[in-house]
Amino acid sequence: MIHTDALHRHLYATDASIFREIPAGVAYPKDADDIKALIRHAREHGLSLIPRSAGTSLAGQCVGTGIVVDISKYLTKVLEINAEERWVRVQPGVIRDELNVFLKPHGLFFAPNTSTSNRCMLGGMVGNNSCGTTSLVYGSTRDHVLALHTVLSDGSGGAFQGALARAFEEKCRGTGLEAELYRQIREMLAPPEVQAEIRAQYPKPEIHRRNTGYAVDLLLRSNLFTPGGPDFNFCTILTGSEGTLALPPKLRCTSNRCLHHTM
């Protein structure tokens, strides 16, 4: 159900920024099927979708004239934890501080420490690659995202995680939009002149606090383009993309050992 009454539209016209845009409507998806239905509806009617969790963005990232997709009402569960391997699988509406309350008995915590940690949600943190006061030690959200289960622009699902060169080739041989994305990124980034331009024009690697934007320069460091690099992972570019590339019904991220609480 999409709410198009004046009350809903005006309530979601603002976030924590100074900007204001009246959306076409507001939706509260309960699962991936609801998100797929929203994408189909948006495609049929020429509308954009605006993913939104707590609305703590300061630059108007989650306001607009499309349909606001509020994941904070229903997609709020911690789905799975593997304390031994130090990862947790969650829905995007899980609040950062509440996740850490859940992780504490296991001697773990999710490191990015934003000023809005008692209300910001994991989906939003992935969207804007949240950093916080501990980012120089623990890195940004991008450094902790292992996998993203997403819904793509055609309504199909896409499960993105680290892929060795052989696994990448297998992905490319597949059908559907997900396989097309793997083929397209290889074609786009393979030319040496493109790689040189990206490396010359993007911020220096020493700049850790790069919040939003498509981090294609980081994809170039992967083993697909740089021998000995880390596994290629589309999560690198999805994190910080502000929901413009995919909608994530769930995600898997790493957890750090607590400094004040051990196993």
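Bear in mind these aren't lab numbers, they're just calculated from the coordinates by the rules spelled out. In this text, all values refer to a predicted model and were calculated from it rather than measured experimentally. All Cβ positions, even for glycine, are placed from backbone atoms using ideal geometry, and neighbour counts span all protein chains on display.
Here are a few things to note about the model shown:
- The simple Förster model, with R0 at 30 Å and r as the Cβ-Cβ distance, assigns Asp231 and Val194 a FRET efficiency of 0.90.
- With the highest mean first, a sort of the peptides 108-121, 156-169 on other beta-carbon atoms found within 10 angstrom per residue produces 108-121, 156-169.
- Expected-Rg normalisation [2.2 N^0.38 Å, Cα atoms] applied to the range 64-152: 1.09
- Summing Lys and Arg as +1 and Asp and Glu as -1 over all other residues whose Cβ lies under 13 Å from the Cβ of Gly229 gives a net charge of -1.
- Here the extension length gained between Asn223 and Ile22 equals 68.0 nm, from 0.36 nm per residue of separation less the Cα-Cα distance.
- Summing Cβ point charges (Lys, Arg +1; Asp, Glu -1) relative to the Cα centre of the chain gives a dipole of roughly 400 debye.
- Point-charge dipole on Cβ atoms (K/R +1, D/E -1) for the range 2-70, about Cα centre, debye to 20: 100
- Under 15 Å, Cβ to Cβ, from Gln91 - net charge with Lys/Arg +1 and Asp/Glu -1: +2
- Debye log10 I(q)/I(0) for the range 4-135, one point scatterer per Cα, at q = 0.12, 0.14, 0.19 Å⁻¹: -0.50, -0.66, -1.07
- Loop-located trypsin sites (Lys or Arg not before Pro) in the range 1-110 (DSSP state other than H, G, I, E, B) with a sparse environment of at most 14 neighbouring Cβ atoms within 10 Å: Lys30, Lys73, Lys77.
- Model label zone, Arg186; criterion: amide N under 20 Å from point 7 Å along Cα-to-beta-carbon; scope the range 198-219: 216-219
- Label positions at Ala37 and Thr4, each projected 7 Å from the Cα along the C-beta direction, are separated by 1.6 nm.
- DSSP bridge orientation in the chain - percent antiparallel, rounded to nearest 5: 75
- Positive-pole candidate from Ile237, Gln201, Trp87, dipole of the chain, charges at beta carbon: Trp87
- Cα-Cα over 31 Å, subset of Lys36/Lys171; Lys77/Lys171; Lys30/Lys171; Lys36/Lys104; Lys104/Lys250: Lys36/Lys104
- Only alpha carbons enter this Debye calculation for the range 63-216, each as an equal point scatterer, and the log10 of I(q)/I(0) it gives at q = 0.11 Å⁻¹ is -0.56.
- The residue list Gly55, Leu152, Ala111 was ranked by how far each Cα lies along the charge dipole of the chain toward its positive end, using unit charges on Cβ atoms, and Ala111 comes out on top.
- Beyond 19 Å, the tail of the calculated P(r) for the range 2-70 holds 27 percent of the Cα pairs.
- In the range 1-90, the GluC sites (Glu not before Pro) that fall in loop regions by DSSP, at most 14 other Cβ within 10 Å: Glu84, Glu85
- Every helix of 4 or more DSSP H residues in the chain counts as -39500 (n - 2.57), and over all residues that averages to -8000 deg cm²/dmol at 222 nm.
- A simple count of charges around Gly155, restricted to other residues whose Cβ falls under 9 Å of its Cβ and scoring Lys, Arg +1 and Asp, Glu -1, yields +2.
- Computed across the chain, the Kirkwood hydrodynamic radius from all distinct Cα-Cα pairs reaches 19.2 Å.
- Ranked Leu148, Leu79, Leu38, criterion: other C-beta atoms within 10 Å, fewest first: Leu79, Leu38, Leu148
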